[in-house]
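Some notes on the structure that comes next.
The numbers here are math on the coordinates, done by the rules we state, and not lab data. As the structure is a prediction and not an experimental result, all values here were calculated from the model. Positions of Cβ are backbone-derived with ideal geometry, glycine not excepted, and every protein chain shown enters the neighbour counts.
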Amino acid sequence: MDRLLVTFAGGHQGGWQVERIDAFIGSTLPTVERLAVVEGDGGAIRDRAAWALQGVISNERYATRREHEALAAVQPQLGRATATRAALIPLKKSRAWWEMPQDERRAIFEERSHHIEIGLEYLPAVSRRLHHGRDLGEPFDFLMWFEYAPEDAAAFEELVTRLRGLEEWNYVEREVDIRLTRDSV
């Protein structure tokens with residue numbers, strides 16, 4: 001898969017209205033009115049933003065072929081007309097997480113925490129896309145983007161609550177939860 005750079009720019013522009021920004025672990029981000037999601041570096045929007053976070057979509061680092069195929073079979077595309085709610089959840093994991101070998105991180109992520117298995121329970125109601133920022137020198141290792149319809153908001157809250165209770169979250173040292181509403185088209 002080619003690496004696709006995505007910029008999330010918080011400021012006065014963008015197709016998403018920011019409902020709230022909460023620091024779940026660690027420090028928050030400055031309050032903004034709007035969020036622009038741009039495939040690419042965001043150029044002028046990024047330069048005028050109060051903050052901009054970037055990540056790349058690349059290979060799945062912890063999913064097996066079977067898990068990848070299960071996700072692909074039910075994962076809806078982003079941008080569905082009915083999915084007018086979204087969440088951007090940037091995460092930074094601890095040094096202890098990154099010092100573990102890949103197989104140990106995988107064991108925590110799926111064999112013990114069942115992250116992918118849990119996520120599958122909420123598809124296709126919640127679409128998602130993971131962006132990697134660590135190798136770009138970004139302040140967050142992961143930018144998790146979710147979209148869902150208003151009637152699926154309770155299911156999304158349940159998903160996030162379950163994920164935050166997993167063993168892997170013991171390694172999260174910063175998490176910001178940004179909730180959004182898409183403008184009518």
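Here are some notes:
- Extreme residue, positive dipole direction of the chain, given options LEU78, LEU136, ILE45 (C-beta unit charges): ILE45
- Helix 153-164 and the long axis of the chain differ in direction by around 50°, with both axes built from C-alpha atoms.
- Translational diffusion of the range 4-182, µm² s⁻¹ [Kirkwood Rh, Cα pairs; Stokes-Einstein; 37 °C; 0.692 mPa s]: 196 µm²/s
- For the chain, the longest principal axis of the alpha carbon atoms and the long axis of helix 65-74 meet at an angle near 40°.
- Positive-pole candidate from ASN170, PRO150, VAL56, dipole of the chain, charges at beta carbon: VAL56
- Separation of the ARG66 and SER94 label points, Cα + 7 Å toward Cβ, nm: 3.1 nm
- Cα→Cβ-extended label distance, 7 Å offset, between ILE25 and ASP135, nm: 2.3 nm
- The chain: calculated mean residue ellipticity at 222 nm from DSSP helix runs of at least 4, using -39500 (n - 2.57): -6000 deg cm²/dmol
- Most mobile of GLU151, GLU175, GLU99 in a GNM of the chain (Cα contacts under 10 Å): GLU99
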